[in-house]
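Here is the structure we will look at, set down as structure tokens.
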Amino acid sequence: MPAINDPFNRSNEFPLLPPWLLWVGDAVDLVANEIVKSTGTADTFWYYNDTFSADQYAQAIEASAVTNHDWGPSVRVGGAGHSNIGEGYWLSSNAAGTGAILNKEVNGSFTQLASNSWGTYALGDTLRIEAQGTTIRALRNGTQYSTVTDASLSGGFPGLFWFEPSGSVDNWEGGDLVAAPAVARGFSPRRMPLGA
Amino acid sequence: MSLRVYICPWIGNGTRSNAYRSKADSYYPNVRNYFPSLLNGPPASPWVLSVVNSNDFSAIDADPTCDDLFAGDLPASVNTMNDIVSFLRARTVADVPLARRNAITAVLDKYNVIRTDIVGSTPLWKVTQRVISTLMERDDNFGFGIPL
């Protein structure tokens, strides 16, 4: 699946229209070319309904301040076998804006997988989360800040997590991670005996 | 900044405002965890493996519920994941001074990490992998939720 870029530059939608779908939580609306969560304090996942591989990414920007920066691009949202209480990985800034928090929600339970200082977070910074096998990566403006290993969620869709009813989000992009280049023919990986 | 590896209990109740997290996260802003979950959401184990990046480990070292897996054996020059993997692959159990080795053994035993096949020539990296595999055995999502 090629990357999907959604800058939300179109007429208002109340709520956001397909291919965006609500997995769990509150409505989000498209207003003035950005998306907003106006009401509700439910844990909220929206996802882009298309065909994606399990190795996927999502990224977006916080266009205007969300309380505690409590939102984030998310991966492996929804899909077959996922709890409809809420499941997915997402990357957010911490409330102070000084660092990354890599999160997962499994069957409605939240777990913090990693925290990482990243200096001052600014509106417009691109937050990106990648899931590749059991490797989950957090990036801001192209710089990787955290990598963890987690096997809780294996598939689903790229999307968005949102908690606090405030602010706006824009320039969402999601898609499959490009596979690593094939090993050149004739290349022999280094072999070591077991136990070496 | 340098890295150390700790075994810590988790804290929190799994809600948005009080997520499950390693106790190491209450001391430091730079923590990465191996933190498996049960299929129904809660942590799969009463303890998690946390890699902490800091200049000063006194706060977590003062917490008796958190254990430094390598008992201070990691040098301050280890400050990236590549550093730590390289160091642990090159250093064997026999390279560790006896008092630290005994401390590491005590930590492994405390968390029921099987060490019967760990000998003097075993790289410390394999000790780390054994701790991770002990957690994986409790992770019913490992194998993407396919029951064994």
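Scanning region A:20-33 for residues that are assigned to a strand (DSSP E or B) and within 17 Å of the chain's Cα centre (by Cα), which turns out nearest to A:Ala80 (Cα to Cα)? Explain how you work it out, then say what you get.
Going residue by residue through region A:20-33, those that are assigned to a strand (DSSP E or B) are A:20-24, A:29-31.
With the extra rule that they be within 17 Å of the chain's Cα centre (by Cα), the set shrinks to A:20-24.
Details: A:Trp20: 17, A:Leu21: 15, A:Leu22: 15, A:Trp23: 12, A:Val24: 14 Å.
Here the answer is A:Trp23.
Of the residues contained in region B:80-87, none is found to be more than 21 Å from B:Arg101 (Cβ to Cβ), surrounded by fewer than 19 Cβ atoms within 10 Å (Cβ to Cβ) and touching a strand residue (DSSP E or B) at 6+ places or on another chain (Cβ under 6 Å). Against the conditions (1) part of a loop (DSSP other than H, G, I, E, B); (2) touching a residue at least 60 places away in the same chain (Cβ under 8 Å); (3) more than 10 Å from chain B (Cβ to nearest Cβ); (4) not small (Gly, Ala, Ser), A:Leu153 satisfies every one except (3). Of the residues screened, A:Ala65 is not one that is among the hydrophobic types (A, V, I, L, M, F, W, C), out of contact with any Pro (no Cβ under 8 Å at 6 or more places or on another chain) and within 14 Å of chain B (Cβ to nearest Cβ).
For residues in region A:1-40 being farther than 23 Å from B:Ser17 by Cα and touching a Gly at 6+ places or on another chain (Cβ under 7 Å), which is surrounded by the fewest Cβ atoms within 10 Å (Cβ to Cβ)? Give the steps one after another, and end with the answer.
Going through region A:1-40, the residues farther than 23 Å from B:Ser17 by Cα turn out to be A:1-21, A:29-35.
Filter once more, so that each one left must be touching a Gly at 6+ places or on another chain (Cβ under 7 Å): A:1-4.
On the way: A:Met1: 13, A:Pro2: 7, A:Ala3: 13, A:Ile4: 16.
Per the criteria, the residue is A:Pro2.
Got at least one residue in region A:41-59 being within 14 Å of the chain's Cα centre (by Cα), surrounded by 15 or more Cβ atoms within 10 Å (Cβ to Cβ), closer than 23 Å to B:Gly14 by Cα and among the polar types (S, T, N, Q)? Within region A:41-59, one or more residues are within 14 Å of the chain's Cα centre (by Cα), surrounded by 15 or more Cβ atoms within 10 Å (Cβ to Cβ), closer than 23 Å to B:Gly14 by Cα and among the polar types (S, T, N, Q).
Considering the conditions (1) within 30 Å of A:Thr98 (Cβ to Cβ); (2) at pLDDT 95 or above, A:Thr41 is excluded by exactly one of them, (2).
The values are calculated or read from the model by the stated rules, or taken from the named source; none is laboratory data. Please read these numbers as outputs of a predicted model, since none were measured by experiment. Cβ sites come from the backbone with ideal geometry, for glycine too, and all protein chains shown count toward neighbours.
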